[in-house]
């Protein structure tokens, strides 16, 4: 007769080994061809980043000219950037 700790150890070991076998059989995700650049919503292009920097700089100039500070400036920048994106 096996003791309780030994039974638990055997059960734990078999569940770990069984899980590893299941994970090893999973199919890998399809890979893209080398050199293929996939642009998605997560990945911004260099042109998008440049445009966003220009818009932010323009909004900053406007906030500075209106002498806005901290809270008002943050709210203005958020509003300004959202207007420029649409």
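The values are calculated or read from the model by the stated rules, or taken from the named source; none is laboratory data. Source: prediction; values computed, not measured. Every residue, glycine as well, gets a Cβ built from its backbone with ideal geometry; the counts of neighbours run over all protein chains shown.
Descriptive notes on the structure:
- Scanning the range 61-78 for residues that are in contact with a helix residue (DSSP H, G or I) (Cβ under 7 Å, 6 or more places away or on another chain) and in a helix (DSSP H, G or I) gives 62, 63, 73, 76, 77.
- Options 21, 37, 33, 41: the member that is assigned to a helix (DSSP H, G or I), modelled with pLDDT under 75 and exposed (fewer than 10 other Cβ atoms within 10 Å of the Cβ): 21
- Where a residue in the range 68-82 is in contact (Cβ under 8 Å) with a residue 12 or more places away in the chain and its partner, wherever it lies, is surrounded by fewer than 12 Cβ atoms within 10 Å (Cβ to Cβ), with Cβ under 8 Å and at least six apart: 76/66
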